Amino acid sequence: MIKNESKNLVRTRRHLRVRAKISGTGECPRLCVFRSNKNIEVQVIDDVKRITLVCSSSESLKLADGNNISGASKVGEDVAKKCLAKGIKKVVFDRGGYIYHGRVKALAEAARKGGLEF
């Protein structure tokens, strides 16, 4: 990391490297995570058609604890429930350049527990 680069710029570059290798299709869409200081957001995206199939966030669920592990778990359960309702069972996990730890890990494990395969 160069001296003047911000953490977010480094994360964005990491995300672009990952996105060059993975892509979502209609049969196996991409589950993309965005984590901010206050909330966590998830989208299930079909990259071929360029549409969002399912989305969920701690803000849309009106969670008071959207910036911690329990809030991320609730968002993971919600997105899994919405995906299964639309017939989506298998996804590709895109952690958005974030480390697989803490809120991102809790969201992924809750989505797996809810019935999604990745």
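Annotations
- Within region 7-47, being part of a loop (DSSP other than H, G, I, E, B), among the hydrophobic types (A, V, I, L, M, F, W, C) and under 15 Å from the mean Cα position of the chain (by Cα) holds for Ile22, Cys28.
- In region 48-61, the residues that are surrounded by fewer than 20 Cβ atoms within 10 Å (Cβ to Cβ) and assigned to a loop (DSSP other than H, G, I, E, B): Val48, Lys49, Arg50, Glu59, Ser60, Leu61
- Residue in region 26-47 that is of a type in the set (Gly, Ala, Ser) and buried (at least 20 other Cβ atoms within 10 Å of the Cβ) present: no
- Matching residues in region 62-87 - criterion: being closer than 23 Å to Thr25 by Cβ and surrounded by fewer than 20 Cβ atoms within 10 Å (Cβ to Cβ): Lys81, Lys82, Leu84, Ala85, Lys86, Gly87
- Scanning region 74-102 for residues that are of a type in the set (Gly, Ala, Ser) and part of a helix (DSSP H, G or I) yields Gly76, Ala80, Ala85.
- Residue in region 16-23 that is in contact with a Leu (Cβ under 9 Å, 6 or more places away or on another chain), more than 15 Å from Gly102 (Cβ to Cβ) and either surrounded by fewer than 17 Cβ atoms within 10 Å (Cβ to Cβ) or at pLDDT 95 or above (or both) present: no
- For Ala64, the criteria (1) assigned to a helix (DSSP H, G or I); (2) more than 15 Å from the chain's Cα centre (by Cα) hold in every case but one, which is (1).
The values are calculated or read from the model by the stated rules, or taken from the named source; none is laboratory data. Keep in mind that what you see is a predicted model, and the values were worked out from it rather than measured. Every residue, glycine as well, gets a Cβ built from its backbone with ideal geometry; the counts of neighbours run over all protein chains shown.
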